4 protein chains.
Amino acid sequence: MKILVGSDLGYQVNGPATLILNVQPAETPRQRILRETLTITPEGTRTEHWTVPATGNRYLRVHAQAGTSLHIHHEAEVELDAHVADPGEVTQLAPAELPPEVLPHLWPSRFCESDRLERLALREFCDAPPGHARVTAVCNWVHDRITYLRGASSPTTTATDTLLSGAGVCRDFAHLSVALCRALGIPTRFVSAHAPGLVPPDFHAVFEAFLGGKWWLFDATRQASPDVLVRIGQGRDAAEAAFAEIHGAATPTTMSIRAEVLEGPDVGRGLRTTQAVADVAEAP
Amino acid sequence: MKILVGSDLGYQVNGPATLILNVQPAETPRQRILRETLTITPEGTRTEHWTVPATGNRYLRVHAQAGTSLHIHHEAEVELDAHVADPGEVTQLAPAELPPEVLPHLWPSRFCESDRLERLALREFCDAPPGHARVTAVCNWVHDRITYLRGASSPTTTATDTLLSGAGVCRDFAHLSVALCRALGIPTRFVSAHAPGLVPPDFHAVFEAFLGGKWWLFDATRQASPDVLVRIGQGRDAAEAAFAEIHGAATPTTMSIRAEVLEGPDVGRGLRTTQAVADVAEAP
Amino acid sequence: MKILVGSDLGYQVNGPATLILNVQPAETPRQRILRETLTITPEGTRTEHWTVPATGNRYLRVHAQAGTSLHIHHEAEVELDAHVADPGEVTQLAPAELPPEVLPHLWPSRFCESDRLERLALREFCDAPPGHARVTAVCNWVHDRITYLRGASSPTTTATDTLLSGAGVCRDFAHLSVALCRALGIPTRFVSAHAPGLVPPDFHAVFEAFLGGKWWLFDATRQASPDVLVRIGQGRDAAEAAFAEIHGAATPTTMSIRAEVLEGPDVGRGLRTTQAVADVAEAP
Amino acid sequence: MKILVGSDLGYQVNGPATLILNVQPAETPRQRILRETLTITPEGTRTEHWTVPATGNRYLRVHAQAGTSLHIHHEAEVELDAHVADPGEVTQLAPAELPPEVLPHLWPSRFCESDRLERLALREFCDAPPGHARVTAVCNWVHDRITYLRGASSPTTTATDTLLSGAGVCRDFAHLSVALCRALGIPTRFVSAHAPGLVPPDFHAVFEAFLGGKWWLFDATRQASPDVLVRIGQGRDAAEAAFAEIHGAATPTTMSIRAEVLEGPDVGRGLRTTQAVADVAEAP
């Protein structure tokens, strides 16, 4: 499957500023970048690039000059080969069996206070069968209790805030799901992505759970099809997988995102199941 | 019905201290005090008494002297005549119909952040029939989700803390129930009480909802029978109905509480229904 | 001193709605209403009026009809005779000396979590002389640490939120000051008011501290002169002194406020001292 | 300098349980382990060991058997060669200059909500000279405002909780300092350690700031001398550097810690400066 993704980000720079962007898709065995363009204006703006080995996250540090209008244009054609499996065969590992490198994904994080939700999570999900079905139960629970509402949350909103307020955006759905899964002893991580079919087009946030030796994708908002998500970044929550960190006097002015399936299945709303979906992308 | 209630409170006073106690039963048309003893040692300790007309709360201010061991012994025999009605006939008033003096009981308060729970409350309880049944649904919801656990909360624990932690004591059950009812537009207040049959004996906290022109008692812990509760104080939450406020250098040392039915029904655990109970005591 | 105050409030009513408004000035021995107009359109809208004896707050309940555009126009001419005293003579009472009816203003409330700030308040203010000077020290501390910034807070923002975020509006300045004073054992209450000279014109929020037997006005924002404030409502915090409570499907559309000194001192910015001011209005 | 460190941890295991312990000192170029003993009873208990390359943290996973009394005895002799420099020469790097691998230590984390404290931190510390002096100013600020008090905090207490409550233990001092430094753009991490001279002996928590290309140690509690700290683990906060994570039915029963300087300077209280100390240990 081929997917075209792109982003145009504009900033007004009123003083010295450093931006750290994570907007380029990760390269993984199942996500190949066929071609990619990155254009930064004004010309001559100093930049640095690096990839974090442990996560595959690709960062761009932009040293913006005061008094400029900064513009970052990115476009890439990506070939996806999602690994799909039968949810019934995706089992859950006990803490005793988890590989050491996965254990940090059981820890609470800034926006996912799993340590405060253990009793609630056990009570709500003890009857769901362990494995993929239990994470799907978490997604369904979150989907049924949280209203998707732009403006309902802020950059400091956490999973427990969202549980109480009952409303949020994709980031909040992911945080609450992640927190509940960790409270159940299931390693989970936050994933930022391009999602074809999103209305209106925007960056998307979903999450992955480590089950049976692999990381499996879930989207509690039910707005995207996991098998066509183009992975950008990952981290334990949005604090570790931000699209853009701004240090200094730069202010966002414009943002425009695109994600289109060039070859592959139609991703109209009909394709998304009303259950959190079992299609699966293997992590790096 | 005749009930004997009593409390023995001891304090070590290491410096000048003022205590404000609300441990004596309220006098209401349906709660008569037959006899009452209040003894404070050391003799000569200066005290003041007053009753707040709006609530019937009886306060005792004790001016404790540094270097003493303060002891307050209270005992009273109370005649109760609880008003009992058919829950099905206890209906809910719209905000447009509520008497003005009841409206403050719709406001959020220190420990009952109803303003943060509106969406959640509407989603969880919109299907329960309005009136006594809806408040009972709130009690059942709280009872099913919160574990009664001594030490699970602190004096600053609020209703939202309890919702997240999933554990608490009688005060926390009352706060969460009150907050959910207010979020549903039902005026509610916190009530401190003596409760015969409590194991171990202790002060108890329940709540009242204003329905159909009266205040009706509810106990989400299901540990007490509303028809044998001896009301002590009321307020919008525990901040407004504390048994004891200490200003200065006094430290609690001992506390012993008693509440026994002298004449009337047996209040063994069997008598408490597994639904939040519909027996009803009229408020002052 | 004569002051003209007024408010125009518009609401779009899409379904049955009840509004409870507290926009009319209180009548107190030192605040006389010379003339007053209240016009509600559409004509024939059902309303009720009442005054709460304990606070003097004047409420208006409006039973709005679905499908209407509701408009409330209020205007009043008020004569003020603020009681002014020498701050140095305004002393602080110990909890042992406070009149019983004032004690509830020591309790924490929804937006003023004084119970969480005791240690901080004692540490910061133990060196300030008790009495008016200590409350002025609280105002100065708040003024120096909180940036006045529209949009920095929301209706659920509390005193501790404001202390952490370092920004807020008049309501937040009042809440934080109130919380710190209560943590110091000084009874305080929230006051909503008309404030001539406010830029842009708006409802204002200040607070009062009970010192030496009277309630004294303070404004930690330093935007208003206490001696020309026209008191509207009072309560332990904004939850108890809201301008407007909306129950049902009404949405605010327009709001316009006015407050002008007709006879009396100029209230240009120069008149406000840079210390929290010692002018004083006696409470009802 | 030679230091002897040790810990004895006991657990009652009532059901299947997995413990993940991080109690063994890290091996770094400046911290050599001369000899080490680790004894786990009952004999035959299955264990695994691993070291995380990015942090040097050494983990021990213990697969405890139900019905046993688990005991972990650890002892090590460590040679320390702390790198000490003149604080005045330790400068601060701008976000534009920080090495990429350090940037995650600017992000907020579970217990260090630096994103909520930016305005407060800038206001309080803008006058302190950047570099080591600014971090020392943070330590002094925390030391002056937080009372060291056992029992004042719980495992879910965060930096903002501690700022408000004004009391905590070593972990809370470290969290608040870390959060304030990150809000100032200074990368910081949490460090668990053995600290000779601690009264009573216990595990200790301090923090490191990345300044001028190195990580420098700070202890806002002023209870330990940074130059004799034996580093155990590091992470962005205590969620990432816990001594023990328990999964399953194990309950701590006993804990005893020791840390003694065998060869080297006396670490009596007199040695600790009243400023946060400038002695420095190089990180791995």
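Just so you know, all these numbers are worked out from the coordinates, no wet-lab data involved. Note that the structure is predicted; figures quoted are calculated from it, not measured. All Cβ positions, glycine included, derive from the backbone under ideal geometry; neighbour counts span all protein chains shown.
Sequence-ordered 3J(HN,Hα) estimates for the stretch C:103-118 from the Karplus curve with 6.51, -1.76 and 1.60 and θ = phi - 60° stand at 4, x, 7, 8, 6, x, 9, 3, 9, 10, 7, 4, 5, 8, 10, 4 Hz, glycine and proline given as x. In order along the stretch D:34-48, phi translates into HN-Hα couplings of 7, 7, 7, 10, 9, 10, 10, 10, x, 3, x, 4, 6, 9, 9 Hz, rounded to whole numbers, per the Karplus curve 6.51 cos²θ - 1.76 cosθ + 1.60 with θ = phi - 60° and x for Gly and Pro.
Remark: the stretch A:91-199 is approximated by an ellipsoid whose semi-axes, taken from the C-alpha gyration tensor as √(5λ), come to 23, 15, 14 Å, largest first.
Measuring between their Cα centroids, the stretch C:121-144 and the stretch D:91-113 lie 36 Å from each other. Charge tally for C:P25 (other residues, Cβ to Cβ under 9 Å; Lys, Arg +1; Asp, Glu -1): 0. Close amide H contacts of D:A244 (hydrogens built in the peptide plane, cut-off under 5 Å, sequence separation of 5 or more or a different chain): D:N22.
Volume per residue for the stretch A:144-259 equals 117 cubic angstrom (convex hull of Cα atoms). Remark: B:I20, C:I186 ranked as B:I20, C:I186, counting other beta-carbon atoms within 10 Å and listing the fewest first.
Karplus-based coupling profile of the stretch C:143-153, in residue order and whole Hz: 4, 6, 9, 10, 8, 6, 8, 4, x, 6, 9, with θ = phi - 60° in 6.51 cos²θ - 1.76 cosθ + 1.60 and x standing for Gly or Pro. Just checking the listed ones, B:Q31, B:Q234, B:Q12: in the Gaussian network model of chain B with Cα springs under 10 Å, the one fluctuating most is B:Q12. Report summary: the helix-based calculation at 222 nm, which adds -39500 (n - 2.57) for every DSSP H run with n ≥ 4 and divides by the residues of the protein assembly as shown, gives -4500 deg cm²/dmol. Legend: mean number of C-beta atoms from other chains within 10 angstrom of residue C-beta atoms, peptide D:96-108, equals 5. Here the Kirkwood formula puts the hydrodynamic radius of the stretch B:11-167 at 19.9 Å, using every distinct Cα pair. Count the DSSP beta bridges whose two residues both fall in the protein assembly as shown, then state the antiparallel fraction as a percent rounded to the nearest 5. Of the beta bridges lying entirely in the protein assembly as shown, close to 95 percent run antiparallel. For the residues of B:151-161, the average number of beta carbons from a partner chain within 10 Å of their own beta carbon is 2. Work out the P(r) tail for the stretch D:2-80: percent of alpha carbon pairs separated by more than 19 Å, whole number. The proportion of pairs with Cα distances above 19 Å equals 40 percent. Using Cα-only point scatterers and the Debye equation, what is log10 of I(q)/I(0) for the protein assembly as shown at each q in 0.04 Å⁻¹, rounded to two decimals? The Cα Debye sum returns log10 ratios of -0.23. Sorted fewest first by neighbouring Cβ atoms within 10 angstrom, A:W141, A:W216 come out as A:W141, A:W216. Note on A:R123 and C:E263: with the Förster distance fixed at 56 Å, the Cβ-Cβ geometry gives a FRET efficiency of about 0.25. Separation of the stretch A:203-267 from the stretch C:17-31 is 51 Å, based on Cα centroids. Relative to the longest principal axis of the Cα atoms of chain D, the long axis of helix D:170-183 makes an angle of roughly 40 degrees. When chain A is treated as a GNM with alpha-carbon contacts under 10 Å, the residue of A:D81, A:D202, A:D127 showing the greatest mean-square fluctuation is A:D127.
Using C-alpha pairs under 8 Å with a sequence gap of at least 6, the mean separation divided by the residue count of the stretch A:1-68 gives a relative contact order of 47 percent. Using C-alpha pairs under 8 Å with a sequence gap of at least 6, the mean separation divided by the residue count of the stretch C:87-241 gives a relative contact order of 27 percent. Per residue of A:48-60, other chain Cβ atoms within 10 Å of the residue Cβ number 1 on average.
Among B:C170, B:C112, B:C126, the largest mean-square fluctuation in a Gaussian network model of chain B (Cα springs under 10 Å) belongs to B:C126. Please report how many Lys pairs in the protein assembly as shown have alpha carbons closer than 30 angstrom, counting only residues at least 8 apart along the chain or sitting on separate chains. Pairs that pass both the separation and distance tests number 4.
Kindly provide the GluC sites (Glu not before Pro) of the stretch C:54-101 that DSSP labels as loop, not H, G, I, E or B, and whose Cβ sees at most 13 other Cβ atoms within 10 Å. Within the stretch C:54-101, the qualifying GluC sites (Glu not before Pro) (loop, at most 13 other Cβ atoms within 10 Å) are C:E97. Along its first, second and third principal axes, ordered by size, chain D spans 58, 39, 36 Å in Cα coordinates.
Residue-level result for chain A: its Cβ closest to the axis carrying A onto C, with that distance in Å, is A:S154, 4.
In chain B, the DSSP beta bridges split such that about 95 percent are antiparallel, to the nearest 5.
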